[in-house]
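Visitor: First, the structure itself, so that you have it in front of you.
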Amino acid sequence: MKGLKNLCEKIDMPDEVSGAVIAFSVEYDFGSLRDSMGRLFFRKTWEGGLSELKDALGEDTHGVKILTCMLLCALRTAENYKRLGIGEEIYIDTMKCFSRFVREHKESYGIYGFDREWWTARQISGQLLRIGELEYEMVEEDEKKYISIHIPSDAVLKEARIQSSYQAAKRLFEEVFTDYASAEMVCHSWLLSPTLKELLKEGSHILAFQRLFDIEPTGQEETEYMQWVFKNPDLPLGELPEQASLQRELKRYLLEGNTVAGAGGRLLENLISSSCGNEGSGICGE
């Protein structure tokens, strides 16, 4: 399939994975999966559609089968973007989640694989878009609309880049997704944990990022940092890597018997509009 091959090239999918995806797309008859794949485009039905797809595909050790389904759906997503007038750059940046997840799997486990099918219906359906360094997900709960900010693992949180991302997102919501033009922006991430104030030095770009939010503790323990800081949530504490300063400080903190506090925050839009103008360093390596 030419369209699928082009998409893999545009999102920088590793050649090994692209080859497996193309091979499966040729050998499998996807006609019987059309309705289930269609359910991935709607929040209310994507969980059921995903379950149907996984049942139909059967054993899928490295996730190539479900990844192929997702990428075929992404071709339809491209048409939806065009109809809405959203540029290709945002589309490609958003769909690069697939190649990013595949590479993260190899970094964690030494082999390419795709295990984030539970997440990527958001990108397929057009509910989540990557705009610059950050991702913005449109959510409606209890008749209230809000935008959930996500920080991809390859995001470089320089102040100027955050500003550029935020301003571009605001324009997009005002012009295309008008129901969300004035929606509150929130974030739930390990990056907002108050525990990090104990581990990082003043001048840290993570702490600078935190100051853009009105943060409230959740009262629960945070655990997702294991994937994003140490790259493998299954490692025993004593085997956690110590290459970066944040890894070293966090490992020491955990070995002392401490836990990381969870938190969420509301973006202080007036603050980000006025404060983000300098090129700083990214959070990587802190």
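The values are calculated or read from the model by the stated rules, or taken from the named source; none is laboratory data. Bear in mind the structure is a predicted one, so any value in this text is a computation, not a measurement. Note that each Cβ is placed from the backbone with ideal geometry, even for glycine, and that neighbours are counted across all protein chains shown. Surface areas here come from the heavy atoms of the whole protein model, side chains and all, with no ligands, DNA or RNA. Shrake-Rupley method; radii C 1.70, N 1.55, O 1.52, S 1.80 Å.
Visitor: Which members of the range 36-59 meet the condition of being farther than 28 Å from Val176 by Cβ and surrounded by fewer than 19 Cβ atoms within 10 Å (Cβ to Cβ)?
Guide: Of everything in the range 36-59, those that are farther than 28 Å from Val176 by Cβ and surrounded by fewer than 19 Cβ atoms within 10 Å (Cβ to Cβ) turn out to be Ser51, Glu52, Lys54, Asp55, Ala56, Leu57, Gly58, Glu59.
Visitor: Pull out all pairs, ordered by first then second residue, where Cβ-Cβ is under 7 Å, the residues are six or more apart or on different chains, the first lies in the range 19-46 and is over 24 Å from Glu9 (Cα atoms), and the second is modelled with pLDDT of 95 or more and not in a helix (DSSP H, G or I).
Guide: Going by the 7 Å Cβ cut-off, the qualifying pairs are Arg39/Thr45; Arg43/Gln127.
Visitor: Does at least one position in the range 152-169 carry a residue that is out of contact with any Ser or Thr (no Cβ under 7 Å at 6 or more places or on another chain), among the β-branched types (Val, Ile, Thr) and either modelled with pLDDT of 95 or more or open to solvent by 30 Å² or more (accessible area, probe 1.4 Å) (or both)?
Guide: Yes, because at least one residue in the range 152-169 is out of contact with any Ser or Thr (no Cβ under 7 Å at 6 or more places or on another chain), among the β-branched types (Val, Ile, Thr) and either modelled with pLDDT of 95 or more or open to solvent by 30 Å² or more (accessible area, probe 1.4 Å) (or both).
Visitor: I need the full set of residues from the range 170-194 which are in contact with an Asp or Glu (Cβ under 8 Å, 6 or more places away or on another chain) and buried (at least 20 other Cβ atoms within 10 Å of the Cβ), in order please.
Guide: Met185, Ser189, Trp190, Ser193
Visitor: I've got another one for you. Since Glu52 meets every condition but one in (1) closer than 15 Å to Trp118 by Cβ; (2) within 22 Å of the chain's Cα centre (by Cα), which condition does it not meet?
Guide: (2)
Visitor: Separate question: Looking at the range 154-177, which of its residues are in contact with a Leu (Cβ under 7 Å, 6 or more places away or on another chain) and more than 30 Å from Glu107 (Cα to Cα)?
Guide: Val176
Visitor: Let me ask another. How many residues are open to solvent by 40 Å² or more (accessible area, probe 1.4 Å) and under 22 Å from Gly19 (Cα atoms) if we restrict to the range 65-92?
Guide: 3
Visitor: For the range 7-14, does any single residue satisfy the condition of being more than 28 Å from Glu133 (Cβ to Cβ) and either at pLDDT below 95 or assigned to a helix (DSSP H, G or I) (or both)?
Guide: No, the range 7-14 contains no residue that is more than 28 Å from Glu133 (Cβ to Cβ) and either at pLDDT below 95 or assigned to a helix (DSSP H, G or I) (or both).
Visitor: Next question. So which pairs qualify, if the first residue must be in the range 217-232 and among the small types (Gly, Ala, Ser), the second must be surrounded by 15 or more Cβ atoms within 10 Å (Cβ to Cβ), the Cβ gap must be under 8 Å, and the two must be at least 6 apart or on different chains?
Guide: Note: pairs meeting the criteria are Gly219/Gly262.
Visitor: Also, quick follow-up: Please list, ordered by first then second residue, the pairs with beta carbon atoms under 9 Å, 6 or more apart or interchain, first in the range 249-261 and closer than 21 Å to Glu216 by Cα, second of a type in the set (Gly, Ala, Ser) and open to solvent by 20 Å² or more (accessible area, probe 1.4 Å).
Guide: Filtered contacts from the range 249-261: Ala261/Gly219.
Visitor: Has the range 144-156 got at least one residue that is touching a residue at least 24 places away in the same chain (Cβ under 8 Å), part of a loop (DSSP other than H, G, I, E, B), among the hydroxyl-bearing types (Ser, Thr, Tyr) and touching a helix residue (DSSP H, G or I) at 6+ places or on another chain (Cβ under 9 Å)?
Guide: Yes, the range 144-156 has at least one match.
Visitor: Any residue in the range 258-275 that is open to solvent by 70 Å² or more (accessible area, probe 1.4 Å), within 30 Å of Arg171 (Cα to Cα) and not in a helix (DSSP H, G or I)?
Guide: Yes - at least one qualifying residue is present in the range 258-275.
Visitor: Then there is this: Arg171 fails exactly one of the following numbered conditions: (1) in contact (Cβ under 8 Å) with a residue 24 or more places away in the chain; (2) more than 30 Å from Gly219 (Cβ to Cβ). What is the number of that condition?
Guide: (1)
Visitor: Restricting to the range 214-245, what's the tally of residues that are under 21 Å from the mean Cα position of the chain (by Cα), surrounded by 12 or more Cβ atoms within 10 Å (Cβ to Cβ) and either of a type in the set (Gly, Ala, Ser) or not in a strand (DSSP E or B) (or both)?
Guide: Within the range 214-245, residues that are under 21 Å from the mean Cα position of the chain (by Cα), surrounded by 12 or more Cβ atoms within 10 Å (Cβ to Cβ) and either of a type in the set (Gly, Ala, Ser) or not in a strand (DSSP E or B) (or both) number 11.
Visitor: Being open to solvent by less than 50 Å² (accessible area, probe 1.4 Å), assigned to a helix (DSSP H, G or I) and farther than 18 Å from Arg266 by Cα is the requirement here; does Ala208 meet it?
Guide: Criteria not met by Ala208.
Visitor: Follow-up. Considering every residue within the range 182-195, establish whether at least one is farther than 13 Å from Leu134 by Cα, assigned to a helix (DSSP H, G or I) and of a type in the set (Gly, Ala, Ser).
Guide: No, the conditions are met nowhere in the range 182-195.
Visitor: Being at pLDDT 95 or above, in a helix (DSSP H, G or I) and open to solvent by less than 30 Å² (accessible area, probe 1.4 Å) narrows it down to one of Phe114, Phe98, so name that one.
Guide: Phe98
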